[in-house]
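First the structure, in the form of structure tokens, and then the observations on it.
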Amino acid sequence: MKNRVGAGASTTVVVLLSIFAVVFLSGAYVTFTQNGSATPTSSTTTGASIQGVVTGYVTVGPSQPVCPVNQNCTVNMTGYSLVFEQQCAGSASDCPKEVAQLSPGGHYSILLPPGEYTVTGLLPSCGWLGCASAFPRTVTVQGGMQLVFNVDIDTGIR
């Protein structure tokens, strides 16, 4: 029996998600009719209405002075979120805020409208040593583009 590389269910999911991302970011879509045939259509969108993707990792560590072999010494980020506040002409309370949920390993991905954003910190809190120097930070999101934005909070534990 021969094994085929890339023929598994996970590969199919990755391919379908990739196609969805390309179609979504380009502003095109497909409408399905009742008889099951697909009619490709597209929307006319301006660069300002297409969102950008911001993705990356937030790491906090080390969490202890000595890390045993084969043990991760970064903090589990379950339950934490990264806060993006869009810069606007009004008061800070009027500016839209978006929150990106973090995975246990600190990964996040969020769609944002184009513009300047201040990354203000972590929710529910950022009480580790090193947080004060990690935030705030500014990022510029461009429509239809991906921005990799990583935050490394060094606790200073040695």
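The values are calculated or read from the model by the stated rules, or taken from the named source; none is laboratory data. The structure displayed is predicted, hence computed values, not measured ones. FYI the Cβ positions are ideal-geometry reconstructions off the backbone, even for glycines, and counts take in every protein chain you see.
Screening THR74, THR59 for residues that are of a type in the set (Ser, Thr, Tyr), at pLDDT below 95, outside any loop (DSSP other than H, G, I, E, B) and within 25 Å of ARG158 (Cα to Cα) leaves exactly one candidate, THR59. The single residue among CYS67, CYS88 that is in contact with a helix residue (DSSP H, G or I) (Cβ under 8 Å, 6 or more places away or on another chain) and of a type in the set (A, V, I, L, M, F, W, C) turns out to be CYS88.
GLU98 meets each of the listed conditions (1) free of Cβ contacts under 8 Å to residues at least 24 places away in the same chain; (2) among the charged types (D, E, K, R); (3) in contact with a Pro (Cβ under 7 Å, 6 or more places away or on another chain) apart from (3).
Confirm whether THR45 is more than 24 Å from the chain's Cα centre (by Cα), of a type in the set (S, T, N, Q) and modelled with pLDDT under 50. Criteria not met by THR45.
Residue count for segment 116-158 satisfying the condition of being small (Gly, Ala, Ser), surrounded by fewer than 18 Cβ atoms within 10 Å (Cβ to Cβ) and under 17 Å from the mean Cα position of the chain (by Cα): 1. Residues in segment 114-147 that are within 20 Å of SER103 (Cα to Cα) and of a type in the set (Val, Ile, Thr): VAL119, THR120. The single condition from (1) part of a loop (DSSP other than H, G, I, E, B); (2) exposed (fewer than 14 other Cβ atoms within 10 Å of the Cβ); (3) at pLDDT 95 or above that SER109 fails is (1).
Name the residues in segment 83-99 that are assigned to a loop (DSSP other than H, G, I, E, B) and more than 21 Å from the chain's Cα centre (by Cα), would you? Break it down into steps so the answer makes sense when it comes.
Initially, segment 83-99 is screened for residues assigned to a loop (DSSP other than H, G, I, E, B), giving 87-91, 95-96.
Result: CYS88, ALA89, GLY90, SER91.
Out of segment 70-84, which residues are surrounded by fewer than 18 Cβ atoms within 10 Å (Cβ to Cβ) and either touching a residue at least 12 places away in the same chain (Cβ under 8 Å) or not assigned by TED's automatic domain parsing to the domain that holds VAL139 (or both)? Correct list: CYS73, ASN76, THR78, GLY79.
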